[in-house]
Amino acid sequence: MTESAHTAQVAQAAFRAPLLTFNGDPAHAPNAVVFHEDGLLIVEDGRVVAADAYAALASRLAPGTQVVERRDKLIVPGFIDTHIHYPQTDMIASPAPGLLPWLDTYTFPTERRFADIAHARDTASFFLDELLACGTTTALVYCTVHKESADALFAESEARNLRMVAGKVLMDRHCPAFLRDTAQSGYDDSAKLIGRWHDRGRQMYALTPRFAPTSTEAQLEACGALARLHPDVFIQSHVAENTDEVKWVAELFPGHRSYLDIYDHYGLLRRRAVYGHCIYLDDEDRKRMAQTGALASHCPTSNLFLGSGLFDFDKADSAGMPIALATDVGGGTSFSMLQTMNEAHKVARLGGHHLTATRMFYLATAGAAEALDLGDKIGTLRDGSEADFVVLDPQATPLLARRTARRESLEELLFAFALLGDDRAVYETYAAGKCVHRRDDARRRVPGRAGAREDRGLTPASVETPQLQKKR
Ligand code: GUN
Ligand code: ZN
C-alpha cells in the first residue's frame, strides 16, 4: 500500500511520529503534557485506537498495517477555533477606524450576499479548505442572518466529515433591513436548523445572537427560550469588545449591571455558551463566567487589528474563567491558530503575563474541547477520540528549520511553531482519520472574484445608511 492510500483502503492506519497531546491544563497539572519523541498513533474507522511510545505499541499493530513515517514532523490534535465568521472570508483585511464603522462599511454589505445559496456554498467550501490548510479541524462558526447560509456551511462540512459548530445569526434591529430577521422568524428558523443539523453526524448547532445591540429584548427572550428547550446546543455571541460598543450597550440596556449581565438575564450564560472578546469585563462578570462555565474566546489578531483592546489573560485565568483562542476572521487577520498564538503571547506579555507555547497549544486543542464540553470527542489523541489531527513540519521554512534545529526543549519547539509558523507549517491535516489536506499536493487556489464590489452591484454609498454609526 502506498502512503497516500493508507486511510482510504484499510480500516487501520498507523503513524510513527513525535506525538503531543494533553490530559489536563499544563498551567495547573504538572503531568498534563503527554509527549512521545518516538510515538505511534493507531487509527481505525475514524477514531484513535491508541497513541503511545512506538516501543510500547508496535506489537499491537494489526498484521499488514503499514506505518506512515512522519518521524521528522510533530503530530498534535487538530486545532479548535472557537470564534470565526465564514461570510467574512472575502473581506478579511478591510481597513476601518474601529469595530462599529467596520461593521457598517464592510461587514453588513458583505453578509448581504449570503441570501444567495450558491454564493454561500462557494464561500463555505473555500472557508473550510482554508481552515484545514491551517490545521483547524473544528470551529465555532457564525453564518449570516439567512438560514440558507447555515445550510450551506453544514452541507460543506458534512461533505468533508468535519466536526463543526455553527449557527444562523439572530439580528432584528440596528442593522440594514436586508439583514434583519424578527424575534419570531429568528426563533422559527433557528428551531428548524437545530432539527435539521444538530448532532447530524458531526454537525452541531449554535444559537447565534450577533451581539446585544442588534437584538431586541424580545429576540433575546426568544433565544433564551430556545436555549432552555435545547440544553445541549451551543450559544455564541460577542461581549465587551470595544469601548464605543460598551457605551452604546449601556444606553440601550440601562437596567443591567453590565454588558454580560444582559446575556445572563436571558439565560444565555452556561456550559457551551461562548463569548467572543471579553475585554471590558469586571471582576463580577469574570466570576459569573467562571460560575456558569461560559467560555471566553480570546481573539488577539482581531483585537489588535480593530484596536479593540487587550484581553486581560491574568485576570481571566485567576478568576477561573474557561478561556480558549480564536481567530475571529474577518476581524481577525489570519486563519492560522499558530499566528493566533503568536499574537496571544504578545498581548499577554503587554499585560505582564508570560503565556507559554505549551499552554497555548493546550488552549487550542484539549483546553478548547474541554471548555466546549466536547472533550470526549475531540482535542486529544486519547483512545476512542475522533481522529482529527495535524502533522506539523518543523522544517516548513528555512527559518523554522534553522530555529528548530537549535531547540533545547519541547517548549522551544512549540514556541517556534507559534511565533514563526502559519499554514506553511501544516504538512497534513486529518479529519476522522482521513487526510483532508496535504500541503504539498494542494494546488494554489485562484482567488474568486466574489469580493469585488462591482460583482456585488454595490458601492459603499448605494447600501443603506450605516445603521450603527447613525445610532451613535
Ligand atoms: N460584534 C458584532 N458583530 C461582530 C463581528 O462580525 N465581528 C466582530 N469582531 N465583532 C462583532
Ligand atoms: Zn466575531
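Just so you know, all these numbers are worked out from the coordinates, no wet-lab data involved. These numbers come from a predicted model, not from an experiment. Glycine also receives a Cβ, built like all others from the backbone with ideal geometry; neighbour counts cover every protein chain displayed.
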Original post:
Looking at (1) more than 12 Å from ligand 1 (Cβ to nearest atom); (2) part of a strand (DSSP E or B), which is the one condition that is false for Pro95?
Top reply: (2)
Subject >> Residue count, the stretch 288-306 (criterion: surrounded by fewer than 24 Cβ atoms within 10 Å (Cβ to Cβ), outside any loop (DSSP other than H, G, I, E, B) and more than 16 Å from ligand 1 (Cβ to nearest atom)) >> reply: 4
Subject >> Pairs, first under 25 Å from Phe335 (Cα atoms) in the stretch 59-80, second basic (Lys, Arg), C-beta under 8 Å, six or more apart >> reply: Arg70/Arg16
Original post:
Looking only at residues in the stretch 312-342 that are within 16 Å of ligand 2 (Cβ to nearest atom) and part of a helix (DSSP H, G or I), which one is surrounded by the fewest Cβ atoms within 10 Å (Cβ to Cβ)?
Top reply: Thr340
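In the stretch 232-278, what residues are of a type in the set (Val, Ile, Thr) and either away from ligand 2 (no atom under 15 Å from the Cβ) or surrounded by fewer than 20 Cβ atoms within 10 Å (Cβ to Cβ) (or both)? Walk me through how you get there before you give the answer.
So the first thing to find is which residues in the stretch 232-278 are of a type in the set (Val, Ile, Thr), and the list is 233, 235, 239, 243, 246, 249, 262, 274.
Those that are of a type in the set (Val, Ile, Thr) and either away from ligand 2 (no atom under 15 Å from the Cβ) or surrounded by fewer than 20 Cβ atoms within 10 Å (Cβ to Cβ) (or both): Val233, Thr243, Val246, Val249, Ile262.
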Original post:
Checking Ala96 against (1) among the aliphatic types (A, V, I, L, M); (2) surrounded by 20 or more Cβ atoms within 10 Å (Cβ to Cβ); (3) in contact with a Phe, Trp or Tyr (Cβ under 8 Å, 6 or more places away or on another chain), which single condition isn't satisfied?
Top reply: (2)
Original post:
If you check Ala401, Ala425, Ala432, which single one turns out to be of a type in the set (A, V, I, L, M) and at positive phi?
Top reply: Ala432
Original post:
What number goes with the only condition from (1) part of a helix (DSSP H, G or I); (2) within 16 Å of ligand 2 (Cβ to nearest atom); (3) not acidic (Asp, Glu) that Ala56 does not pass?
Top reply: (2)
Subject >> Number of positions in the stretch 307-323 that are within 16 Å of ligand 1 (Cβ to nearest atom) and small (Gly, Ala, Ser) >> reply: 3
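The rows are residues; the columns are (1) under 21 Å from Asp314 (Cα atoms); (2) within 20 Å of the chain's Cα centre (by Cα); (3) of a type in the set (Ser, Thr, Tyr).
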| site | (1), (2), (3) |
| --- | --- |
| Ser336 | no, yes, yes |
| His353 | yes, no, no |
| Leu374 | no, yes, no |
| Leu381 | no, yes, no |
| Leu392 | no, yes, no |
| Ala396 | no, no, no |
| Ala401 | no, no, no |
| Thr404 | no, no, yes |
| Glu412 | no, no, no |
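Looking at Gly186, Gly167, Gly195, which one is under 20 Å from Ala273 (Cα atoms) and surrounded by fewer than 17 Cβ atoms within 10 Å (Cβ to Cβ)? I'd like the intermediate steps shown before the answer.
Details: Gly186 fails: surrounded by fewer than 17 Cβ atoms within 10 Å (Cβ to Cβ); Gly167 fails: surrounded by fewer than 17 Cβ atoms within 10 Å (Cβ to Cβ).
Among Gly186, Gly167, Gly195, only Gly195 is under 20 Å from Ala273 (Cα atoms) and surrounded by fewer than 17 Cβ atoms within 10 Å (Cβ to Cβ).
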Subject >> Pairs with Cβ under 9 Å, 6+ apart, first in the stretch 275-295 and without any contact (Cβ under 8 Å) to a residue 24 or more places away in the chain, second in a loop (DSSP other than H, G, I, E, B) >> reply: Gln291/Leu269; Gln291/Gly320
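For the stretch 264-273, indicate whether the set of residues that are part of a helix (DSSP H, G or I) and in contact with a helix residue (DSSP H, G or I) (Cβ under 7 Å, 6 or more places away or on another chain) is non-empty. Don't jump to the end; show me each part of the working.
Looking only at the stretch 264-273, we keep the residues that are part of a helix (DSSP H, G or I), and these are 264-265.
Subset that is in contact with a helix residue (DSSP H, G or I) (Cβ under 7 Å, 6 or more places away or on another chain): 264.
The answer is yes; a qualifying residue exists.
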**OP:** Tell me, please, whether a residue that is part of a helix (DSSP H, G or I), of a type outside the set (Gly, Ala, Ser), touching a strand residue (DSSP E or B) at 6+ places or on another chain (Cβ under 8 Å) and at negative phi can be found in the stretch 62-85.
**Re:** no
Original post:
So Ser149 fits all but one of (1) touching a residue at least 12 places away in the same chain (Cβ under 8 Å); (2) assigned to a helix (DSSP H, G or I); (3) more than 15 Å from ligand 1 (Cβ to nearest atom); what number is the exception?
Top reply: (3)
**OP:** With a cut-off of at least 1 residues that are within 13 Å of ligand 1 (Cβ to nearest atom), touching a Cys at 6+ places or on another chain (Cβ under 6 Å) and among the aromatic types (Phe, Trp, Tyr), name the helices (runs of 4 or more DSSP H) lying wholly within the stretch 159-253.
**Re:** none
